[in-house]
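For reference, the structure is listed below as structure tokens.
Here, each number is a calculation from the coordinates, and none is a lab measurement. Please read all numbers here as calculations on a predicted model, not as lab measurements. Cβ sites come from the backbone with ideal geometry, for glycine too, and all protein chains shown count toward neighbours.
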Amino acid sequence: EGREQGIQEGIAKGIEQGIEKGIEKAALNALQKGLDIETIAEITGLSVERIEELKKKLN
């Protein structure tokens, strides 16, 4: 039972990480299209600080 719970937690964590990467990719795409950081933060739920970090990766 403990092993199965560990597997389930691992799967859940993997899904969560995948969703986060998808949101970050959407934010990067929005930055490339010229949307402002505040709008991207509102749409994605990411913090302004996180979007600024992502923006630095583009430059």
Checklist entry - Taking Lys21 as the anchor, which lysines have their alpha carbon closer than 16 Å to its alpha carbon, excluding any fewer than eight residues away along the same chain? => result Lys13, Lys55, Lys57
Checklist entry - What dipole magnitude, in Debye to the nearest 20, does the chain give about its Cα centre under +1 on Lys/Arg Cβ and -1 on Asp/Glu Cβ? => result 360 debye
Checklist outcome for this item: With x for Gly and Pro, the residue-by-residue ³J(HN,Hα) of the stretch 47-59, computed from phi through the Karplus equation 6.51 cos²θ - 1.76 cosθ + 1.60 at θ = phi - 60° and given in whole Hz, is 6, 4, 4, 5, 5, 4, 4, 5, 4, 4, 5, 6, 7
Checklist entry - For the stretch 32-45, in order, what is each residue's ³J(HN,Hα) by Karplus, 6.51 cos²θ - 1.76 cosθ + 1.60 with θ = phi - 60°, in whole Hz (x at glycine and Pro)? => result 5, 7, x, 5, 7, 4, 4, 5, 4, 4, 5, 6, 8, x
Item to check | Loop-located GluC sites (Glu not before Pro) in the chain, at most 13 other Cβ atoms within 10 Å (DSSP) | outcome: Glu1
Item to check | Taking the convex hull of Cα positions in the stretch 8-59, its mean projected area over all directions (nm²) | outcome: 3.6 nm²
Item to check | Phi to ³J(HN,Hα) by Karplus 6.51 cos²θ - 1.76 cosθ + 1.60 over the stretch 4-10, Hz, x for Gly, Pro | outcome: 5, 4, x, 5, 4, 5, x
